[in-house]
1. List every residue pair whose Cβ atoms lie under 6 Å apart, where the two residues are 6 or more positions apart in sequence or sit on different chains, the first residue falls within the stretch 3-28 and is under 15 Å from Asn42 (Cα atoms), and the second residue, located anywhere, is of a type in the set (Ser, Thr, Tyr) and at pLDDT 95 or above.
2. Does Arg51 meet the test of being touching a residue at least 12 places away in the same chain (Cβ under 8 Å) and basic (Lys, Arg)?
Amino acid sequence: MLDIALRTINDPDSVSQTDIDAAHAQGWSDHDIFDASAQASNNRAFNYLLRTFNIEKQGVFA
């Protein structure tokens, strides 16, 4: 699952049906896979936002 989530943000075209099938074989549902990928994507986007406004070590963002 972690591999899929990381590849979602670093190289999304590399995630194949074989990867999804392997996650299913490990017991993950489509919903789980989507949630992990969405969470990774949201975290990446939020990090870009913090960097845009030079927010470092500010309260809850520390």
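The values are calculated or read from the model by the stated rules, or taken from the named source; none is laboratory data. Model, not experiment: these values are computed from the prediction. Don't worry about glycine lacking a Cβ; one is built from the backbone with ideal geometry, like all the others, and counts go over all protein chains shown.
1. If the second residue must be of a type in the set (Ser, Thr, Tyr) and at pLDDT 95 or above, the pairs left are Ala5/Ser37; Arg7/Ser14; Thr8/Ser37; Ile9/Ser41.
2. no
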